[in-house]
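A.B. asks: Input: one structure, supplied below.
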Amino acid sequence: MKHKVCLFLLLLLQSGIGIAQIKNVYEGDYSFQEKEGTATFEFLENSGEMVMDGFFRFDFLEKDSTDQTILHKFQVTGEYVRNERNGTWIFDRETHRISLEDVVDFEIISSLKSENIHVKAMYTEGVKTGTWTFKQNDYIDGELKPKAEATGIVFSNDKIVKDFDYRNFEGDFTQLIRGEINSEGYMDGEWSLVYLKDSILVSEVRNYENGFLLGVKQRNLETGAAIKEVIFYKTIEKLRNLEAGSQNSFKIASADFGLIYNDGFQSESPQLQIQKPGNRFIDDFISKLMQYDAKNPETTTSGNYPILTKRFEYELYDELDGLLSSLEEKYTLFKDTVETYSEMNALELNKDKSDSLAFTHAYFRSRTKKLEQMKELIELIRTGDIRYVDLNNYTRTGVPFLSPLDLIAYSHRGKQTRKILNHEVGYGNARSFLERVESNLEEEIKLSTDLARYANRELQSIEVNSRLVGIEEEITEKKSLVEAMYESHESASESERQFFENFTGRTFERLFEMRLSDYAETEEPSMKIEKGIQLLDFLNEMETLYPELAAIYPKNEEIDEIYKEETFDPFTYTRYNARAKPRLFEAGMENLFPHYLTEMIREEDYTQIKEHLDKIALLQEKLMALRDTPTKSLERRLGKTKNPEKIASLLDLP
């Protein structure tokens, strides 16, 4: 908060205390939610600290930094009580786009398109309460039209506690959210959503029972065709069992949850996937409604979300603290080993030294995928949310990281090899599933530890000094840089794209792999350093040559354009572009140029690539120079020859 201020003092009596307390008024520069504007507000000083207390107003006016025809306005009015928002707060944002169309008799003719978002919020000492409204309007062609609106959104203790209706008007259709929320803030009864997904207008109907999702049905609103339907039969069965007072191993959790309903479903399961588009649409509205709230929730899974769902809690986990802690510890140990060796430069660069090193490298790389697959379960354990997971649901369609066969595919000196790792993966119930995960982790820890020891032993003779390690790191870094440079090249034509694809694969990658294999097979330390320096020199050369390679096809486009001339057809009375000096153009661009490219791509010695580029540049310069030079004699001598050597000789090229 900036204190470029004009301060004046107001004397107020604090009711019920009987002593005079001084209120100050700030008027000056102020930052509100990263917007730099001006503000006027009342505050108290308490032990040298500013306590906002009383009226508050903030104004922001700014032209867009990239487009001066766009104007942004933002105004906030409200009241603070001891640093907490209180009473009615109004947030009003406008974006105006002014289009200059003409000037007639020194009068500007222009059009205006505007967007207005208006949020009316209610607070009681910082807690969202009372009725909130959201309105979005568009101003087009002199008319203010509603774009979206939601009225009667009732909060109590930061939760929405009454049914609400949100509508978003899009041309000839309306997107909407209409749902029931009970007095405790839980989604209840029928919810109807209409939203766009992949250009399809989707109608979605959900049914909830006091926070539990019972079913979701989606259909194409325009055709009536069914899209997806999921009924949560197990949830319905569990709720009926609880109502009947049956002995159960679960209960309704006391914790609250956000939009996502989950009873142990894996992230890619139909039960979670069907919720995603609708949840995204609801969350988009909630984000708009609460965008100016200081406690705007960042996740739809949080119990702090203003719309709540419920989950079951399973008693099984009360007896499994030791097993769950062990799983988390073993996962961390396995993860640390895999991350160290899957990213080890020395192992990457020396994997071709032996079949065993190639397998070791491939094993650690493949384990990164397994770690990612296990991450969801381990995160549930780490946060304690595992107690809300029905492991029968979690394992119903299989678990990707528990496979009886692990196929490790790798390449050693051009030979493709596969090895299979066998695992015991059977389990009978929830507890035995977790025990199987633990035993699987123990297998992986033993194998990864053994392979790590082997890799250290083998690489120790290679990493003989710090200079060699430094060279390997530099090679890895430089290769990533050069690869990124070539991969990010934007081609303007198919022929340019094909050239860069060929050069990257058949020249850059091929020559690098040849030298990398030579480097890996070298044992003697000083010779290995020399080979490493050669690899670096090769990569530096590829980096240096890129601008010249990138300039080839833009120059060709320029040549193509200047070798066109407008011609009149007396029979059709039309003008069209014809090729100027066709024999010269064909000889240079359609015969000699492709020959030079082929020679360059086939080059075995990277130090000679520059010479090929020089030949191409000389050819392009020659063709540019000959465009406005008499060349009839040269074109007669060129004739229809396609021989590259003869063409180069006739063009006086080396």
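A.B. asks: In the stretch 617-652, what residues are part of a loop (DSSP other than H, G, I, E, B) and touching a residue at least 60 places away in the same chain (Cβ under 8 Å)? Steps first, please.
C.D. replies: First, the residues of the stretch 617-652 that are part of a loop (DSSP other than H, G, I, E, B): 627-631, 639-643, 651-652.
Result: Arg627, Leu651.
A.B. asks: If I go through the stretch 350-383 residue by residue, how many of them are under 20 Å from Ala409 (Cβ atoms) and part of a helix (DSSP H, G or I)? Steps first, please.
C.D. replies: At the first step, the residues of the stretch 350-383 found to be under 20 Å from Ala409 (Cβ atoms) are 350-373.
If we keep only those that are part of a helix (DSSP H, G or I) too, we end up with 350-353, 355-373.
So the count comes out to 23.
A.B. asks: Now a separate question. From the residues in the stretch 612-621 that are open to solvent by 60 Å² or more (accessible area, probe 1.4 Å) and out of contact with any helix residue (DSSP H, G or I) (no Cβ under 7 Å at 6 or more places or on another chain), which one is nearest to Lys555 (Cα to Cα)?
C.D. replies: Keep residues of the stretch 612-621 that are open to solvent by 60 Å² or more (accessible area, probe 1.4 Å), which gives 614-615, 618, 621.
With out of contact with any helix residue (DSSP H, G or I) (no Cβ under 7 Å at 6 or more places or on another chain) added as a condition, the list becomes 614, 618, 621.
On the way: Asp614: 14, Leu618: 12, Glu621: 9 Å.
It comes out as Glu621.
A.B. asks: Also: Give just the number: which of (1) touching a Leu at 6+ places or on another chain (Cβ under 6 Å); (2) within 27 Å of Gly130 (Cβ to Cβ) does His96 not satisfy?
C.D. replies: The number of the failed condition is (2).
A.B. asks: Give just the number: which of (1) within 25 Å of Lys479 (Cα to Cα); (2) open to solvent by less than 30 Å² (accessible area, probe 1.4 Å) does Phe334 not satisfy?
C.D. replies: With (1) within 25 Å of Lys479 (Cα to Cα); (2) open to solvent by less than 30 Å² (accessible area, probe 1.4 Å) applied to Phe334, the lone miss is (1).
A.B. asks: To continue, here is another question. Filter the stretch 623-643 for residues that are closer than 22 Å to Ser495 by Cβ and either among the polar types (S, T, N, Q) or surrounded by 18 or more Cβ atoms within 10 Å (Cβ to Cβ) (or both) and give the result.
C.D. replies: Step one: list which residues in the stretch 623-643 are closer than 22 Å to Ser495 by Cβ, which gives 623-624, 627, 642.
Selection gives Leu623 alone.
A.B. asks: Let me ask you something else. Considering each residue of the stretch 1-54, count those that are at pLDDT 50 or above and either open to solvent by less than 60 Å² (accessible area, probe 1.4 Å) or in a loop (DSSP other than H, G, I, E, B) (or both), and give that number.
C.D. replies: Residues in the stretch 1-54 being at pLDDT 50 or above and either open to solvent by less than 60 Å² (accessible area, probe 1.4 Å) or in a loop (DSSP other than H, G, I, E, B) (or both): 26 in total.
A.B. asks: Of the residues Ile420, Ile386, only one is β-branched (Val, Ile, Thr), surrounded by 15 or more Cβ atoms within 10 Å (Cβ to Cβ) and not in a loop (DSSP other than H, G, I, E, B); which?
C.D. replies: The conditions single out Ile386.
A.B. asks: With the requirement that a residue be outside any helix (DSSP H, G or I) and at pLDDT 90 or above, what does the stretch 229-254 give you? If you could, list the steps in order and put the result at the bottom.
C.D. replies: We begin by selecting, within the stretch 229-254, every residue outside any helix (DSSP H, G or I); these are 229-232, 245-254.
Listed by number, the residues that qualify are Glu229, Val230, Ile231, Phe232, Phe250, Lys251, Ile252, Ala253, Ser254.
A.B. asks: Determine which member of the set Phe585, Phe593 is in contact with a strand residue (DSSP E or B) (Cβ under 8 Å, 6 or more places away or on another chain), farther than 23 Å from Met485 by Cα and surrounded by 18 or more Cβ atoms within 10 Å (Cβ to Cβ).
C.D. replies: On the way: Phe593 fails: in contact with a strand residue (DSSP E or B) (Cβ under 8 Å, 6 or more places away or on another chain).
Among Phe585, Phe593, only Phe585 is in contact with a strand residue (DSSP E or B) (Cβ under 8 Å, 6 or more places away or on another chain), farther than 23 Å from Met485 by Cα and surrounded by 18 or more Cβ atoms within 10 Å (Cβ to Cβ).
One line per residue, one yes/no per condition, for (1) acidic (Asp, Glu); (2) surrounded by 13 or more Cβ atoms within 10 Å (Cβ to Cβ):
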{"residue": "Ser246", "(1), (2)": "no, no"}
{"residue": "Asp256", "(1), (2)": "yes, yes"}
{"residue": "Gly264", "(1), (2)": "no, yes"}
{"residue": "Gly278", "(1), (2)": "no, yes"}
{"residue": "Tyr292", "(1), (2)": "no, yes"}
{"residue": "Tyr305", "(1), (2)": "no, yes"}
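A.B. asks: May I ask you to verify whether Val437 is within 25 Å of Glu268 (Cβ to Cβ), in a loop (DSSP other than H, G, I, E, B) and open to solvent by less than 70 Å² (accessible area, probe 1.4 Å)?
C.D. replies: Numbers: within 25 Å of Glu268 (Cβ to Cβ): yes; in a loop (DSSP other than H, G, I, E, B): no; open to solvent by less than 70 Å² (accessible area, probe 1.4 Å): yes.
No.
A.B. asks: Out of everything in the stretch 502-546 that is polar (S, T, N, Q), within 24 Å of Leu357 (Cα to Cα) and open to solvent by 60 Å² or more (accessible area, probe 1.4 Å), what residue ends up being modelled with the highest pLDDT?
C.D. replies: Pass one, the stretch 502-546, residues polar (S, T, N, Q): 502, 504, 507, 517, 522, 526, 534, 540, 544.
Going one step further and asking which of them are within 24 Å of Leu357 (Cα to Cα), we end up with 517, 522, 526, 534.
If we keep only those that are open to solvent by 60 Å² or more (accessible area, probe 1.4 Å) too, we end up with 526, 534.
Numbers: Ser526: 77, Gln534: 89.
Top of the filtered list is Gln534.
A.B. asks: Shifting gears a bit: When the residues of the stretch 167-222 are narrowed to those that are assigned to a loop (DSSP other than H, G, I, E, B) and within 20 Å of Phe134 (Cα to Cα), which ends up most open to solvent (accessible area, probe 1.4 Å)? Steps first, please.
C.D. replies: Pass one, the stretch 167-222, residues assigned to a loop (DSSP other than H, G, I, E, B): 171-172, 182-185, 198-199, 210-211, 221-222.
From the residues that got through so far, the ones that are within 20 Å of Phe134 (Cα to Cα) too are 171, 185.
Numbers: Gly171: 87, Gly185: 0 Å².
Result: Gly171.
A.B. asks: Only strands (runs of 3 or more DSSP E) wholly contained in the stretch 67-157 count here; list those with 2 or more residues that are open to solvent by 80 Å² or more (accessible area, probe 1.4 Å) and of a type outside the set (Phe, Trp, Tyr). Steps first, please.
C.D. replies: Values: elements: 70-81, 84-104, 107-124, 130-140, 143-156.
Answer list for the stretch 67-157: 70-81, 84-104, 107-124, 143-156.
A.B. asks: Let me ask another. Pairs, please: C-beta under 7 Å, at least 6 apart or cross-chain, first residue closer than 20 Å to Ala225 by Cα and in the stretch 182-202, second charged (D, E, K, R) and surrounded by fewer than 14 Cβ atoms within 10 Å (Cβ to Cβ)?
C.D. replies: Filtered contacts from the stretch 182-202: Leu201/Glu222.
A.B. asks: While we're looking at this one, here's another question. Looking at Ser287, is it under 26 Å from Arg396 (Cα atoms) and open to solvent by 10 Å² or more (accessible area, probe 1.4 Å)?
C.D. replies: no
The values are calculated or read from the model by the stated rules, or taken from the named source; none is laboratory data. Nothing here was measured: the structure is a model prediction, and the numbers come from that model. Positions of Cβ are backbone-derived with ideal geometry, glycine not excepted, and every protein chain shown enters the neighbour counts. Heavy atoms of the whole protein, side chains included, go into the accessibility calculation; ligands, DNA and RNA do not. Shrake-Rupley method; radii C 1.70, N 1.55, O 1.52, S 1.80 Å.
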